[in-house]
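Taking it in order: structure first as structure tokens, then the write-up.
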């Protein structure tokens with residue numbers, strides 16, 4: 001039998017109305033409910049392994065900026081937790097998991113603001129509020145301050161292809177907000193602005209604009 005993550009990936013690719021408000025919420029809940037079968041304390045892993053990013057995937061970005069990250073926080077899916085705790089057939093062990101404030105689930109996501117200093121691709125306001133639903137592993141609880149090169153995409157845009165053996169792909173938590181560019185099972189496109197990776201990405205973007 002294929003792993004749950006592969007089944008869920010196929011489920012989302014075949015769901016024709018996954019971006020509508022009602023159906024998107026339903027599909028997202030179904031995916032999360034199945035994914036909790038593989039949840040472990042303190043984790044929200046959606047991929048078994050992580051693979052190296054392909055920098056050329058930056059071509060999938062709608063917006064690329066250099067700026068500072070502020071107000072980073074994890075948004076817990078409290079609706080899902082409450083719904084699961086209300087189940088009359090929930091075991092004591094599972095109830096404890098859903099009540100644990102340190103227990104992460106793959107429907108949790110990160111939200112943060114970007115104070116934009118430079119726009120490399122697309123159009124962006126001076127301040128952006130964006131989401132990050134990490135398809136690879138749990139989102140970090142904190143993000144250090146500093147200048148980053150950040151690639152973003154609209155939820156309705158094409159996303160980079162699967163790079164690893166499996167992934168759980170959920171509907172975007174906020175269809176009206178830009179989200180961090182990331183190929184499933186690879187790292188997200190957020191790099192220290194002074195890093196070698198950021199310089200490589202700027203070189204690729206410059207070549208694409210010629």
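The condition of being touching a residue at least 24 places away in the same chain (Cβ under 8 Å) and surrounded by fewer than 21 Cβ atoms within 10 Å (Cβ to Cβ) holds for residue 202.
Evaluating residue 134 against the criteria (1) closer than 20 Å to residue 63 by Cβ; (2) in a loop (DSSP other than H, G, I, E, B); (3) over 11 Å from the mean Cα position of the chain (by Cα) leaves one unmet condition, (3). A single member of 120, 162 is touching a residue at least 40 places away in the same chain (Cβ under 8 Å), surrounded by fewer than 21 Cβ atoms within 10 Å (Cβ to Cβ), touching a helix residue (DSSP H, G or I) at 6+ places or on another chain (Cβ under 8 Å) and under 15 Å from residue 66 (Cα atoms), and it is 120.
I'd like to verify a number: residues in segment 77-106 that are closer than 30 Å to residue 153 by Cα and either modelled with pLDDT of 90 or more or not in a loop (DSSP other than H, G, I, E, B) (or both), how many?
Within segment 77-106, the subset closer than 30 Å to residue 153 by Cα is 77-81, 102-106.
Now narrow it down to the ones that are either modelled with pLDDT of 90 or more or not in a loop (DSSP other than H, G, I, E, B) (or both): 78-81.
So the count comes out to 4.
Each residue in segment 69-91 was checked for being exposed (fewer than 14 other Cβ atoms within 10 Å of the Cβ) and farther than 30 Å from residue 145 by Cβ, and 8 pass.
Just one of (1) exposed (fewer than 14 other Cβ atoms within 10 Å of the Cβ); (2) modelled with pLDDT of 80 or more; (3) in a helix (DSSP H, G or I) fails for residue 37. It is (2).
Name the single residue, out of those in segment 123-146 being over 26 Å from residue 168 (Cα atoms) and at pLDDT 90 or above, that is surrounded by the fewest Cβ atoms within 10 Å (Cβ to Cβ). Break it down stepwise before answering.
Of segment 123-146, the ones over 26 Å from residue 168 (Cα atoms) are 123-128, 144-146.
Pick out the ones that are also at pLDDT 90 or above and you get 123-128.
Numbers: 123: 7, 124: 21, 125: 9, 126: 10, 127: 11, 128: 18.
Checked segment 123-146; the qualifying residue surrounded by the fewest Cβ atoms within 10 Å (Cβ to Cβ) is 123.
Identify, by number, the condition in (1) modelled with pLDDT of 85 or more; (2) surrounded by 18 or more Cβ atoms within 10 Å (Cβ to Cβ); (3) in contact with a helix residue (DSSP H, G or I) (Cβ under 9 Å, 6 or more places away or on another chain) that residue 57 doesn't meet. Here residue 57 meets the rest and fails (3). When you scan segment 171-178, do you find a residue that is within 14 Å of residue 64 (Cα to Cα) and in contact with a helix residue (DSSP H, G or I) (Cβ under 7 Å, 6 or more places away or on another chain), even just one? Looking through segment 171-178, none of the residues is within 14 Å of residue 64 (Cα to Cα) and in contact with a helix residue (DSSP H, G or I) (Cβ under 7 Å, 6 or more places away or on another chain).
The values are calculated or read from the model by the stated rules, or taken from the named source; none is laboratory data. Since the structure is predicted, the reported quantities are computational estimates derived from the model, not experimental observations. With ideal geometry, Cβ positions are generated from the backbone for all residues, glycine too; neighbour counts draw on all protein chains shown.
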